[in-house]
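The values are calculated or read from the model by the stated rules, or taken from the named source; none is laboratory data. Here the structure is a predicted model, which means the values were calculated and not measured. We place every Cβ from the backbone using ideal geometry, glycine too, and count neighbours over all the protein chains shown.
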Amino acid sequence: MKVIIIGGGPAGLAAAKALGKEPGSFEIDLYEIQPQVGGLWNYVPENKNGKPSSVNNGYVTGIYREMETNITKDIMQYNGYPFPEETEVFPTRGEVAEYLHEFSNTIENVKIHLNSEVTKAKKVDGKWQVEVHNYDSGKNRSSEYDALIVANGHFRTPFFPLVEGLDEWRREWPDSVTHAKFYDHAEPFRGKRVLVVGNSASGIDISTQLSTVASQVYVSSRKKDELLQLNNPVVVDIGVVKSYNPDRSITLEDDSTVHDIDVVMFCTGYLYDVPFLEDYQEEISLKTRSGFRNIYKGIFFIYDPSLIFIALQKQVAPMPLAEAQSVYVARVLNKRINLPSTEDMARFEREETSKFDSESQYQYLGYPRDVDYISELIQEVLELQDGLGGHEAEFWNGARRTSRSLSGPVKNKRLEVVLKHTLELREQKKEFVILRND
């Protein structure tokens with residue numbers, strides 16, 4: 001069986017590891033657009049200004065200079081492959097990138113093609129016809145596969161909300177509006193009044209970093225973060241922005257106005273984007289592009305299970321989740337696990353999504369749903385007992401479940417320490433740098 005994996009980040013590497021160790025006759029190609037594996041975790045500052053660049057084939061990741069993880073290293077690692085002992089509890093972006101590079105060296109029986117972008121994939125006469133552009137040679141090539149695994153992440157296309165006056169603002173002052181994807185470090189914002197829209201992980205982190213040098217940081221969000229405000233007088237939560245005005249002011253939901261906004265930084269996440277699957281957009285994409293639909297167990301396209309997705313879910317421990325899904329996928333492709341009928345898969349998805357207010361909300365796992373999801377997949381794998389072996393993912397129970405449950409409180413304690421560090425840097429008129437224990 002010929003299998004293509006699109007993407008060489010945490011999800012694609014997990015898929016490659018599992019399929020490479022699966023017994024049987026597999027021919028596996030992994031294509032990665034960048035010059036190295038690592039996906040999102042590759043830091044490329046040259047591409048952060050939003051201007052065309054040939055560096056990294058023009059690919060921009062959302063990684064910024066002073067970044068550390070927002071979950072602990074023990075729940076961020078692959079099974080049997082821990083971070084180095086000297087790595088701190090919350091690894092830096094460089095340590096994660098190095099971890100992924102080293103992990104890729106353990107992958108066997110997979111051809112990894114770098115500087116290679118999949119531009120189109122379409123099922124023709126029972127085979128996936130795939131077109132790939134290679135940036136080294138400048139040439140295109142076509143190949144066919146029996147199964148196609150999409151592991152390109154969902155951090156490529158920034159999401160900007162539809163708010164009154166925003167389009168006009170962007171036309172009038174294009175350099176004043178940006179997205180977290182293009183943020184690199186705090187210094188360019190020194191002395192400015194910055195509006196940060198969104199207070200999820202990136203919003204909290206970036207607003208904290210900006211507060212070392214900005215004159216004022218306003219955070220627009222529907223849900224206040226008390227910890228952020230309690231410790232940081234520079235950061236003010238202003239609620240929801242109702243409109244962006246021609247005089248560079250903003251009007252809030254309570255009809256109050258904030259004037260003289262220098263920069264608007266959207267930390268509003270990303271749209272789900274698979275441009276190479278142009279012919280499948282209507283069948284798999286939600287209208288809001290905030291997620292995918294018709295995907296059994298969040299992995300298999302119901303109406304053609306040879307189209308497979310890894311790590312679509314949000315608010316998860318990415319490496320363990322991708323690994324659990326990949327181990328499951330390997331058993332399915334090797335016919336060790338049989339999928340239900342199309343009708344039963346569709347019924348399963350309807351029943352699961354009906355438990356939530358929206359289909360996109362269904363893809364937000366968080367604790368304990370992510371632990372339960374991983375455990376359910378691995379339990380089915382463990383029940384095989386066919387003696388054929390293959391790669392194993394860890395069953396999340398006991399200590400692993402406890403560790404995941406504590407990740408939020410542990411991060412909050414870390415944030416308290418970081419905020420104290422931030423205020424000290426501000427007093428010293430220094431921009432933000434990561435706090436390390438050495």
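Annotations for the structure displayed:
- Condition met for residue 410 (surrounded by 12 or more Cβ atoms within 10 Å (Cβ to Cβ) and in a helix (DSSP H, G or I)): yes
- Selected residue (only one of 381, 410 is among the aliphatic types (A, V, I, L, M), over 26 Å from residue 147 (Cα atoms) and out of contact with any His (no Cβ under 6 Å at 6 or more places or on another chain)): 410
- In the stretch 208-220, residue nearest to residue 415 (Cα to Cα) [restricted to those that are out of contact with any helix residue (DSSP H, G or I) (no Cβ under 7 Å at 6 or more places or on another chain) and not in a strand (DSSP E or B)]: 209
- Qualifying residue in the stretch 149-157 (condition: buried (at least 16 other Cβ atoms within 10 Å of the Cβ), touching a residue at least 24 places away in the same chain (Cβ under 8 Å) and of a type in the set (D, E, K, R)): yes
- Test: residue in the stretch 378-390 that is β-branched (Val, Ile, Thr) and farther than 27 Å from residue 323 by Cβ: no
- Which numbered condition residue 403 fails, given (1) under 17 Å from residue 76 (Cβ atoms); (2) hydroxyl-bearing (Ser, Thr, Tyr); (3) touching a Gly at 6+ places or on another chain (Cβ under 8 Å); (4) outside any loop (DSSP other than H, G, I, E, B): (3)
- One residue stands out in the stretch 375-390 among those that are touching a residue at least 40 places away in the same chain (Cβ under 8 Å) and farther than 22 Å from residue 25 by Cα: the one that is surrounded by the most Cβ atoms within 10 Å (Cβ to Cβ), namely 377.
- Qualifying positions in the stretch 273-325 - within 13 Å of the chain's Cα centre (by Cα) and within 26 Å of residue 107 (Cβ to Cβ): 273, 310, 311, 312, 313, 314, 316, 317, 318, 319, 321, 322
- Residue match in the stretch 211-226 (condition: more than 21 Å from residue 431 (Cα to Cα), touching a Ser or Thr at 6+ places or on another chain (Cβ under 8 Å) and buried (at least 18 other Cβ atoms within 10 Å of the Cβ)): no
- Count of the stretch 160-182 residues, restricted to those that are in contact (Cβ under 8 Å) with a residue 12 or more places away in the chain and in a loop (DSSP other than H, G, I, E, B), is 5.
- Test result for residue 301, over 21 Å from residue 22 (Cα atoms), modelled with pLDDT of 95 or more and in contact with a strand residue (DSSP E or B) (Cβ under 9 Å, 6 or more places away or on another chain): yes
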